[in-house]
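Structure record follows, encoded as C-alpha cells.
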Amino acid sequence: MQLTGHNYIAGETSAEGADTFFSVDPRSRQRGDLPFHNATAAEVDRAVAAAVAAFDEIRNYSSSRIAGLLDEIAIQIEALGDELLHCADRETGLGLPRLTGERERSTGQFRAFATLLRDAAYLRPIINSEQPGQPSIRQMQFPVGPVAIFAASNFPFAFAVAGGDTASALAAGSPVVVKAHPGHPATSEMFALAMSKAVAEQGFPAGTFSMLQGAGIDVGQWLVAHDGIEAVGFTGSLRGGRAIYDAAARRPRPVPVYAEMGSVNPVVITPGALAARADEIADGLVASVTLGTGQFCTNPGLILLQDSRASQDFITNVTEKMGEAPAGVLLNEAIAAGLESAVEQTRANPQIEVLTGGDAIADSDYFCYSNTVMQTTAAAIRADDRLQIEHFGPVTLFVVCQDEDDLRATVDALEGNLTSTIHAEADELEDIGELLHQLREKAGRVIWNGFPTGVAVVQAMQHGGPYPATTAPGTTSVGLNAIYRFMRPIAFQNVPDALLPEPLKDGNPLGILRQVDGVSTAAAL
Ligand code: NAP
C-alpha cells in the first residue's frame, strides 16, 4: 500500500503544514523515509467543522444504520491484511502474535457494538407515566456530538485510530476526530484509510471520521480547545491526560474528558498465599511485569507483603527471575527516556533499594531498559506520594510492611488505580474481608488470586478507576458500557406522542425492553 504521510480530513488527504516527523523502528532505531505532516490549526478546524456538519445528519440515523457502519469498519480493517500487522510491528516492535490478537480485539469491538445497537434497548428508555400531580417524564440516551480521541502508543490497534474509544464514540452516533499517536504514524494512516472507506461505502457524511497526525502537543491542544468538540477520549500518560483535562476545563464552554492514564496496580500477597504457593505466584508475577515489556497500564507495579523470612525469599526469587529474563523492546525513544527518568526519580529516595536492574542499556541496538526490581518500606510509601508514580516498563516495587496494621495503613494511603489484586488462601477469608473493601475503594477492578494484565473485553468489565487512574471513575473505556461516555440522557416532559422518539412512544413500536414506572417491560403503555 502506498502511504502518503498526510492527514485524513473528511475523506480527503491533506498536508498543509511544513512540519514533519518520521516513523522509527524500535528494534533498530532506524528512521523511516516517509515524512508525516503535522496537522495545522486550519486543518484541525476543518476536521472539526466537518464533524459538526456530519453530526447534523447522523444524529437522525437509526441505530441499525450505525451498526452497519461499525460492521463495515471491521471488514475494511481485515481487508488491510497482514500488511497492517507488519507495518505496526515495524513501528512498535510488539511482535506479530500480539498484534494479530490485538487486531481481532479491535474488529471484535466494532462488531460487539454493532450487535449492541441492533437492540435499541441500549438507548435505556425510562418512562414515568403521568400520575396525579406528576407530569409524564420519558428519558433516553442521545449522542453528544463530535468527539476528539487521543490514540495511545502501546495499543496501536485496540486503543488507537480504530480502537475502543473510536468504536464506542461512533456507536454512540458521535462523529470522531482522532489525534493519531506519533509513535506509529504509518499504522495510523492505514487505519484512517480503512475507516474513510467504510464511511464512504456506507454513505455516511465524510466528516464522520477524520485523523490528524501530530508529533508534539499543538494538534491535541487545538483539538481540545475547539468549540465544536463535545467530549474527549484519551488513553495515555497522567501528564498528557491531565494537560488535556485542564485544557478542556479552560474552555469558555468546558466539556467532559474521559482520560485513562497511568496506574501502579497494587498487589497484596498474604502470608497464607506465600506459604501455599510462593513459586507459582513468583512465576505469575514475573510474567505479568514483563508482558509486553511491561508497557501495560495494568502492569503490577507495587507489591505489598508483610515482613517475614518467606517474604524475603519470595522477593529474592522474583528478583532472580527478573534478572534472568531478557530485556524486551520498548515502543519508542520517548517511552525509554520516560522510564529512565521515572526510575531515577524513585531511586533518588534514600528509602529505595534497587535489587536488580535500575538502568538503561546504553549500548543496545534497540530501545530497552533493564528488568528492574526495587524494594522499600511501608513507611516510605506513606511518607512520599512520588513513590506511587507509574514506571511504564518492566519494573516493579516491593513494599515490605511490618505487620497487618502497617499493610492496612499503607493500602489506605494508596492513590486511585485501574486495578487492585489480592493473593490469599481460602482459610484466610474471614480475616480478609476488610482488606478487600479497602482495595475496592482504590480501584475499578479487584482481582482475586490472579494478575492485572489482560483485560477481558466483556460486558461486565470495568476499565477505569479513581483519579489519577482516570478523570472519570464512573465510566469505563473497555466493554460495551464505554458507549455511555459519548451519550447523554435527555428527558421529555409531557411531549406529545407524535413528537417523541420511537423508543419512548406509547405503543413501543420497536418492541424493546423499557423501564416503565419502575418495571422492565416490552409492553405498550
Ligand atoms: P502520552 O505521552 O500521554 O501521549 C498520548 C497522546 O497525548 C499523544 O498523542 C500526545 O501527543 C498527546 N499529548 C501528550 N501531552 C499532551 C499535552 N500536554 N497536550 C496535548 N496533547 C498531549 O502517552 P503515551 O505516549 O501513549 O505513553 C504511554 C502512557 O500511556 C503510559 O503512562 C501508560 O500507562 C498510559 N496508558 C494508559 C492506558 C489506559 O488504559 N489507562 C492504556 C495505554 C497507555 P504527542 O506524543 O504528539 O506529544
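The values are calculated or read from the model by the stated rules, or taken from the named source; none is laboratory data. The structure displayed is predicted, hence computed values, not measured ones. Cβ placement follows ideal geometry from the backbone for every residue including glycine, while neighbour counts extend to all protein chains displayed. Just so you know, the surface numbers come from the protein's heavy atoms only, side chains and all, with ligands and any DNA or RNA stripped out. Shrake-Rupley method; radii C 1.70, N 1.55, O 1.52, S 1.80 Å.
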Exercise for review: Return, ordered by residue number, the residues of the range 119-145 whose backbone nitrogen is under 16 Å from a label point located 7 Å along Cα→Cβ of SER62.
Suggested key: 119-123
Check your understanding: What residue among ILE126, PHE314, VAL177 has its Cα farthest toward the positive end of the dipole of the chain, where the charges are +1 on Lys, Arg and -1 on Asp, Glu, each on the Cβ?
Key -> ILE126
Study note, to complete from the structure: Taking 9-18, 428-437, 179-188 and ranking on average Cβ neighbours within 10 Å, highest first, one gets 179-188, 9-18, 428-437
Exercise for review: Determine one quarter of the surface area of the Cα convex hull of the range 13-171, which equals its mean projected area, and express it in nm² to one decimal.
Suggested key: 12.4 nm²
Check your understanding: Counting only the heavy atoms of the protein chains, how much of TYR245 is accessible to a 1.4 Å probe, in Å² to the nearest 10?
Key -> 90 Å²
Study note, to complete from the structure: What the 10 Å binned alpha carbon P(r) of the range 208-294 shows, as percent of pairs per bin from 0, is 14, 32, 19, 16, 14, 5
**Study point:** the range 191-270, dipole about Cα centre (Lys/Arg Cβ +1, Asp/Glu Cβ -1), debye to the nearest 20
**Key:** 160 debye
Revision key, fill the gap. The answer for the net charge of residues other than ASN265 whose Cβ lies under 11 angstrom from its Cβ, with Lys and Arg +1 and Asp and Glu -1, is +1
Practice item. Work out, step by step, the length gained on full extension between ASP246 and GLU353: first 0.36 nm times the residue separation, then minus their alpha carbon distance; give nm to one decimal. Key: 35.0 nm
Revision key, fill the gap. With x for Gly and Pro, the residue-by-residue ³J(HN,Hα) of the range 157-169, computed from phi through the Karplus equation 6.51 cos²θ - 1.76 cosθ + 1.60 at θ = phi - 60° and given in whole Hz, is 10, 7, 10, 9, 3, 10, x, x, 5, 5, 4, 6, 5
Review point. Tell me, what is the per residue accessible area of the chain in Å², probe radius 1.4 Å?
Key: 39 Å²
Point to revise | Projected label distance in nm at ALA383 and ASP227, using a 7 Å step from Cα toward the beta-carbon | key: 5.3 nm
Revision key, fill the gap. With no solvent term and unit scatterers on the alpha-carbon positions of the range 1-99, Debye gives log₁₀ I(q)/I(0) at q = 0.10, 0.21 Å⁻¹ of -0.42, -1.16
Point to revise | Karplus 3J(HN,Hα) series, Hz, for the range 393-409 with 6.51 cos²θ - 1.76 cosθ + 1.60 (x for Gly, Pro) | key: x, x, 9, 9, 10, 7, 10, 8, 9, 5, 7, 5, 5, 4, 5, 4, 5
Exercise for review: Could you size up the charge dipole of the range 328-369 around its Cα centre, putting +1 on the beta carbon of Lys and Arg and -1 on that of Asp and Glu, and report it in debye to the nearest 20?
Suggested key: 160 debye
Review point. Where Lys and Arg each count +1 and Asp and Glu each count -1, what net charge lies around GLN515 among other residues with Cβ under 12 Å from its Cβ?
Key: +2
Exercise for review: Just the number, please: carbon plus sulfur as a percent of the accessible area of the range 406-525, 1.4 Å probe, no ligands or DNA/RNA counted.
Suggested key: 55 percent
Check your understanding: Using the beta-carbon distance between GLU344 and ALA524 and R0 = 56 Å, what value does 1/(1 + (r/R0)^6) give for FRET efficiency, to the nearest 0.05?
Key -> 0.25
Review point. Expressed as a whole percent, how much of the Cα-Cα distance distribution for the range 361-409 exceeds 11 Å?
Key: 73 percent
**Study point:** Sites GLN30 and TYR467 - FRET efficiency at Förster radius 35 Å, r taken between beta-carbons, to 0.05
**Key:** 0.35
Check your understanding: In what sequence, highest mean first, do 416-426, 71-81 appear when ranked by Cβ atoms within 10 angstrom?
Key -> 416-426, 71-81
**Study point:** Rg followed by Dmax, in Å, when the chain is reduced to its Cα trace
**Key:** 24.4, 79
**Study point:** Two-decimal Rg/Rh across the range 1-48, once Rg and the Kirkwood Rh are taken from alpha-carbon atoms
**Key:** 1.05
Point to revise | Label-point gap, in nm, between GLN515 and ALA498 - each point 7 angstrom along Cα→Cβ | key: 3.1 nm
Study note, to complete from the structure: Non-local residues with an amide H under 5 Å from the amide H of ALA231, with H modelled 1.01 Å from N and Pro and chain starts lacking one, are ALA148
Study note, to complete from the structure: Under the Karplus relation with 6.51, -1.76 and 1.60 and θ = phi - 60°, whole-Hz ³J(HN,Hα) for the range 369-384, x at Gly and Pro, equal 8, 5, 4, 10, 10, 10, 9, 8, 9, 4, 4, 5, 5, 5, 7, 9
Practice item. Using a Förster distance of 25 angstrom, determine the FRET efficiency expected from the C-beta separation of ALA276 and GLU320, and round it to 0.05. Key: 0.75
Exercise for review: Pick out, from ASN449, PRO394, GLY416, the residue whose Cα sits farthest towards the positive end of the charge dipole of the range 380-453, with +1 on the Cβ of Lys and Arg and -1 on the Cβ of Asp and Glu.
Suggested key: PRO394
Review point. Debye sum, Cα scatterers, the range 408-479, no solvent: what log₁₀ I/I(0) at q = 0.24, 0.28 1/Å?
Key: -1.11, -1.29
Review point. PHE486: net charge of surrounding residues, Cβ under 15 Å, Lys/Arg +1, Asp/Glu -1, itself excluded?
Key: +1
